[in-house]
Amino acid sequence: MVATTGSHDVMRTADGVPLRIKLRRAERMRKVWAITLVAPLFLFLVVGFILPIISLLSLSIEDPDLTEGFPRTAEMFQEWDGEGFPPPEAMATFAEELAVAGRGEFGRAAKRLNYDISGFKSMVKKTARKSEELALLSPEQMLDGFIKIDKDWGDPAYWLVIKNASSYYTDYYLLWSLDLQRDKEREIVGVSPDRAIYVDVLLRTIEISFAVTLLCFLLGLPIAYLLATLPTRISNLLLILVLLPFWTSLLVRTTSWIVLLQNEGLINDAALWLGLWNEPQELIRNRFGVYVAMVHILLPFMVLPMYSVMKTINPWHMRAAASLGAPGWKAFLKVYFPQCMPGVAAGTLLVFILSLGYYITPALVGGPSDQMTSYWIVQNMGRTANWGLGAALSVVLLLLTLVMFFIYNRFVGVDRLKVN
Amino acid sequence: MTDSMHSPDRGSNEPQVRFENVQKTYDGEVLVVKDLNLAIEKGEFLTLLGPSGSGKTTTLMMLAGFESTTHGDIVLNGRSLRLVPPHKRDIGMVFQNYALFPHMTVYENLEFPLQCHKVEKTSREKKIAEALAMVELTGFERRRPAQLSGGQQQRVALARALVFEPQIVLMDEPLGALDKKLREQMQIEMKHIHQNVGLTFVYVTHDQSEALTMSDRIAVFDDGVIQQLDAPEELYERPKNAFVAQFIGENNRLNGRITELAGDVCLVELPSGHTIRALPVNVSEVGQQTTLSLRPEVVVVGAVESDGCDDIFTAVVQEQIYMGDHTRVRMEVFGHDDFVVKVPRGSSHGGLELGQEIRIGWRSGDCRALDAA
């Protein structure tokens, strides 16, 4: 836009107001109205969704237990280089704070230390009980005093754990959620195999999501095609049947699969009666049960976007392909299916991302080796109250979802997606 | 492309396509096509013309294989098509909405039938280039259908139906979506392309001027029956029944009763009491009701006996509409006020006035006595 030098160059309305100002005034009311319409939802999203998520995710990089429980100790341990034993003054401060720490802070700090070396918690408790003994000692005698209470204090590794827990911001939980930790030299290394579970869980999460997406696609494609090609009267009826599961709660649908699939369930009873197998088969509490229930629940999310795209495809294309010499399968693969891609992409993305976060269904119909990341988030947030690890696992799951989304965008293009 | 195409061959005894007593019903109650017998000669441009619902498109779809025949058989080159699926019939088709594949480029659209017919990659390129040159779209290979105008899409659809050199090309109102000017231009081009490639074209339309422009023969459909199958000039000049006369071109209809019938002249008495000499076409006996058909352009305005007119009457000018190359004059005669006459521009009787009485006349051979329908 070229800047106008004199007022004569500005286009004006009949009453002399510049055209652009007049236009802005006319548009203003419309903008205000649009903002008013959006504002309630926007505020709700900020307060009810974005802020909680940010505060929850920030837990994954916070390590407040020691810095709040033993603030001065944490400060002094941070200055220690981690070689051998900490300076005697730091040990003395630790002994002082052990004696005076309130019950809640003390418990949380002890639990935090226990994450790294099991048994550390009871060792700290024992030391706290006998902290009067330490109060009488000079700094030089401090280490011996600690060792006298528990001989494990003679192992520098215990002191290092305290140092590692002493900074408020930490990558500890994020590393943990990927089965990693920092060793003495602060290098990132894998945790011992008996503690490494989360990478397996993550891979399993991807595997289950991928399998469920594939199954939904294979089962959903013919249904969507049928719905799109049948006369409207019949297809509307079938569409209601596809939507029917949405009218029942997720929990009810999952538990009804338990009823069907359990050892004394309908399917086993029927199969035994028909002689298909001689003893009840394990259909539930394993991967099979997870797949059956998840595919059943997620199928509509695959069918609906595919259906809505297929509905827009010109039915004459199949005839045109036939007239050009293509047998039915070739016409479908080369002409019809490529045009379904926006719907297929939307459906698979939807199902995959929903699967990544699945919790209830695997928890109810899966066995111990079928639990996904969400299950462990709940475990850590709830039962063991390890909020840091729970938040870190959430971050990993969120990042995984985003990575999948971007990979998808790279190959399919989200702007091509079509949902109802 | 031309060299490898079949040359027009109208002389052989066996037609390329034969419809044998074909009947078609969709609902089991109404016959959409009633006992159709039709022979299509190799290399001809045959148009199926008729109003909507007359069975012309159904006939085309049965030939393409998209609709089954309820009764009867269709024979292509002496072979029954009953059990031949559409993709094995070797019949190309241009659809009303073109049905170009939107996810493919123009090149890929044309390559698709060649792939299906397992044409070598090297000769594919040559054939596609020739086909695009034929419809004057060279250079559009990389475009997608959405980037083309309606006329260009139509040409691609035509090229795609021709590129694999099928035995027959079917077209279902392919020009229906184009504007008038483009449509007329495409009609001429299609006619030229037909002459160049020498394939059999079967064309469906409800537009009679389109049919007249392009066709070697026209089959006029009504109510599931072919009313007349003839060359364009035959159809226009010598319609065999009232429907054809009325459907093709403009037509003055006069209802009357045969009073005398002798050889190639009959006398018809109108309700107004006038008696007109006419050519008996499908009337058989005296006393029968008949519809007289008189084209507006055969009427001579300001007629005198020496013009060769067999009948001369007096009419009153009711309305004049200037059409550029001619003037449409509506007149009152025989008690009707919807008698239309076309006066060419530059005619000596151009300056008519409303209410003016004028003598009009025609040769009895141009006035055809048809069925009373």
Let me confirm something: among A:LEU180, A:LEU160, A:LEU174, A:LEU202, which residue is closer than 21 Å to A:VAL378 by Cβ, of a type in the set (A, V, I, L, M) and outside the structural domain of A:PRO362 (by TED's automatic domain parsing)? A:LEU174
Using beta carbons and a limit of 8 Å, which pairs, at least six apart or on different chains, have the first residue in the range A:380-407 and more than 13 Å from A:THR205 (Cβ to Cβ) and the second one in a helix (DSSP H, G or I) and β-branched (Val, Ile, Thr)? A:GLY390/A:ILE377; A:GLY390/A:VAL378; A:PHE405/A:ILE353; A:PHE405/A:VAL414
If you go through the range B:96-117 one residue at a time, do you hit one that is of a type in the set (Asp, Glu) and either more than 10 Å from chain A (Cβ to nearest Cβ) or within 23 Å of B:GLY176 (Cα to Cα) (or both)? yes
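One line per residue, one yes/no per condition, for (1) closer than 21 Å to A:GLN339 by Cα; (2) in contact with a strand residue (DSSP E or B) (Cβ under 6 Å, 6 or more places away or on another chain); (3) at pLDDT below 95:
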site: B:GLY92; (1), (2), (3): no, yes, yes
site: B:VAL106; (1), (2), (3): yes, no, no
site: B:PRO113; (1), (2), (3): yes, no, no
site: B:LYS118; (1), (2), (3): no, no, yes
site: B:THR122; (1), (2), (3): no, no, yes
site: B:ALA133; (1), (2), (3): no, no, yes
site: B:LEU137; (1), (2), (3): no, no, yes
Flagged in the range A:224-274 as of a type in the set (D, E, K, R) and part of a helix (DSSP H, G or I), in numbering order, are A:ARG233, A:ARG253, A:ASP269
Here are some conditions: (1) at pLDDT below 90; (2) under 23 Å from A:TYR172 (Cα atoms); (3) among the acidic types (Asp, Glu). A:GLU75 meets all but one. Which one does it not meet? (1)
Could you list, in sequence order, all residues of the range A:118-144 that are part of a loop (DSSP other than H, G, I, E, B) and loosely packed, with under 14 Cβ neighbours inside 10 Å? A:SER118, A:GLY119, A:LEU136, A:SER138
Looking at the range A:278-297, is at least one residue surrounded by fewer than 19 Cβ atoms within 10 Å (Cβ to Cβ), closer than 20 Å to A:PHE337 by Cα and of a type outside the set (Lys, Arg)? no
Sort through A:ARG112, A:ARG103 and tell me the only one that's within 36 Å of the chain's Cα centre (by Cα) and more than 23 Å from A:ASP183 (Cβ to Cβ). A:ARG103
Per the filter on the range B:74-87, residues more than 8 Å from every other protein chain (Cβ to nearest Cβ) and without any contact (Cβ under 8 Å) to a residue 60 or more places away in the chain are B:ILE74, B:VAL75, B:ARG79, B:SER80, B:LEU81, B:ARG82, B:LEU83, B:VAL84
Single condition B:PRO51 does not satisfy, out of (1) touching a helix residue (DSSP H, G or I) at 6+ places or on another chain (Cβ under 9 Å); (2) surrounded by 17 or more Cβ atoms within 10 Å (Cβ to Cβ); (3) not charged (D, E, K, R): (2)
Looking at A:ALA320 and the list (1) surrounded by fewer than 23 Cβ atoms within 10 Å (Cβ to Cβ); (2) within 14 Å of chain B (Cβ to nearest Cβ); (3) part of a helix (DSSP H, G or I); (4) more than 32 Å from the chain's Cα centre (by Cα), which single condition is not satisfied? (1)
B:MET62 fails exactly one of (1) out of contact with any Gly (no Cβ under 9 Å at 6 or more places or on another chain); (2) surrounded by fewer than 21 Cβ atoms within 10 Å (Cβ to Cβ); (3) more than 22 Å from B:ILE193 (Cβ to Cβ), namely (2)
Condition broken by A:VAL335, with the remaining ones in (1) without any contact (Cβ under 8 Å) to a residue 60 or more places away in the chain; (2) β-branched (Val, Ile, Thr); (3) more than 30 Å from B:GLU108 (Cα to Cα); (4) buried (at least 21 other Cβ atoms within 10 Å of the Cβ) satisfied: (3)
Search the range B:52-62 for residues being in a helix (DSSP H, G or I) and under 18 Å from the mean Cα position of the chain (by Cα), and hand back the single one that is nearest to the other protein chains (Cβ to nearest Cβ). B:MET61
Regarding A:ILE162, is this residue free of Cβ contacts under 8 Å to residues at least 12 places away in the same chain and part of a helix (DSSP H, G or I)? no
Within the range A:287-295, identify whether any single residue is within 14 Å of chain B (Cβ to nearest Cβ), part of a helix (DSSP H, G or I) and modelled with pLDDT of 90 or more, and answer yes or no. no
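The values are calculated or read from the model by the stated rules, or taken from the named source; none is laboratory data. In this text, all values refer to a predicted model and were calculated from it rather than measured experimentally. As a convention, Cβ positions derive from the backbone with ideal geometry for all residues, glycine included, and neighbour counts pool all protein chains shown.
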